[in-house]
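One structure is given here, and the rest of the page talks about it.
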Amino acid sequence: MTKAFSLGILSSPCAITEKQTNLNQLNYLTNLTNRSYPDTTGEHSMAAKKKATKKPAAKKKKAGAKRKPNAAFMKAMQPSAALGAVIGNSAMPRTEVTKKIWAYIKKHGLQDSKNRRNINADEKLKDVFGGKKQVSMFEMTKLVNKHLK
């Protein structure tokens, strides 16, 4: 209470709701000043003196070892006739399908200039996108998956 009077918050005659608001603001400010922050000066405060528990060291990966690809992504899928007109009719993994679709989109400049997340469909892609003129890149993968068996 003495802080409130010394700051002049409660010295003027005002409504009780204003006083309560001012007290809430004062409590908020005092809580901010009482927080403990990480010590940047190199000295340790009482809050920072908690002893760290030792965790077991993480297993190190071999420098030359590559990640093993997921078998589901690497399984060869047969594209439908509509998708085959865009990427080719040969069976290929989903990852290659996505790469070829993006190559087609970039080659023909089908990415929307204002919102780069959207793809503007040409005649070939409209068949793949279910007749939609524009789809988002996230919706595109869902629509393309319907054309893979």
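A few remarks follow.
- Any hit, the range 52-67, residues being modelled with pLDDT under 95, closer than 19 Å to residue 148 by Cα and within 25 Å of the chain's Cα centre (by Cα): no
- When residues of the range 101-115 are limited to those that are among the charged types (D, E, K, R) and open to solvent by 60 Å² or more (accessible area, probe 1.4 Å), the one farthest from residue 145 (Cα to Cα): 114
- Restricting the range 116-136 to residues that are in a helix (DSSP H, G or I) and open to solvent by less than 50 Å² (accessible area, probe 1.4 Å), the residue that is farthest from residue 72 (Cα to Cα): 125
- Exclusive hit being modelled with pLDDT under 95, of a type in the set (D, E, K, R) and more than 26 Å from the chain's Cα centre (by Cα), set 75, 107: 75
- Cross-chain or 6+ apart pairs with Cβ under 7 Å, the range 84-100 first and touching a residue at least 12 places away in the same chain (Cβ under 8 Å) and surrounded by 15 or more Cβ atoms within 10 Å (Cβ to Cβ), then part of a helix (DSSP H, G or I) and of a type in the set (D, E, K, R): 85/124; 86/124; 87/100
The values are calculated or read from the model by the stated rules, or taken from the named source; none is laboratory data. Model, not experiment: these values are computed from the prediction. Neighbour counts run over all protein chains shown; Cβ positions are idealised from the backbone, glycine included. Note: accessible area is taken over every heavy atom of the protein model, side chains too, but ligands, DNA and RNA are not part of it. Shrake-Rupley method; radii C 1.70, N 1.55, O 1.52, S 1.80 Å.
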